[in-house]
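As structure tokens, the structure follows; a few thoughts come after it.
The values are calculated or read from the model by the stated rules, or taken from the named source; none is laboratory data. Bear in mind that the values here come from a model prediction, so they are computed numbers and not experimental data. All Cβ positions, glycine included, derive from the backbone under ideal geometry; neighbour counts span all protein chains shown.
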Amino acid sequence: MNFSFIGIDHIQLAAPKDCEEQARAFFGGILGLKEIPKPENLQKRGGCWFMCGNQEIHIGVQEDFHPAKKAHPGFVVENLSVLRESLEKHEIRIKEEPPIEGRSRFFVDDPFGNRIEFLEFLR
């Protein structure tokens, strides 16, 4: 092979029409992710984009939206317990799953019902 993968540029989560206010409140407000401008030629599609470390999260409008209940992004977090406390204060329901050796983790649903995993590697 003459090519190699070097990483992930972004992930996209689908959301219903007029999702931007809720997306900004959750991803920007509660999670504290920085919103970045969408390219001008894509703005008419709706949605919004955020930075997560060196990767981007694209919240994209899907006409026949159905939340992802199994497929999900897994976000690596430092101080996972602090994030958990913050989410609980915002009355975000935490979902526990069986542990994975060497990782602490939990799941939540975004405002649109998409499954999201937060995890921290144990030292």
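What residue, of Ser81, Ser86, is modelled with pLDDT of 95 or more, farther than 22 Å from Pro16 by Cβ and in contact with a strand residue (DSSP E or B) (Cβ under 9 Å, 6 or more places away or on another chain)? Spell out the reasoning first.
Numbers: Ser86 fails: in contact with a strand residue (DSSP E or B) (Cβ under 9 Å, 6 or more places away or on another chain).
On inspection, the qualifying residue turns out to be Ser81.
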- prompt: Can you tell me which residues in segment 93-111 are in contact with a helix residue (DSSP H, G or I) (Cβ under 7 Å, 6 or more places away or on another chain) and either in a helix (DSSP H, G or I) or under 26 Å from His66 (Cβ atoms) (or both)?
  reply: Ile94, Phe106, Val108, Asp110, Pro111
Among (1) touching a residue at least 12 places away in the same chain (Cβ under 8 Å); (2) touching a strand residue (DSSP E or B) at 6+ places or on another chain (Cβ under 8 Å), the one test that Ile30 misses: (2)
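Take segment 73-90 and flag every residue that is within 20 Å of Ala14 (Cα to Cα) and surrounded by 17 or more Cβ atoms within 10 Å (Cβ to Cβ). Break it down stepwise before answering.
Applying the first criterion (within 20 Å of Ala14 (Cα to Cα)) to segment 73-90 yields 73-75.
Pro73, Phe75 - these are the residues of segment 73-90 that are within 20 Å of Ala14 (Cα to Cα) and surrounded by 17 or more Cβ atoms within 10 Å (Cβ to Cβ).
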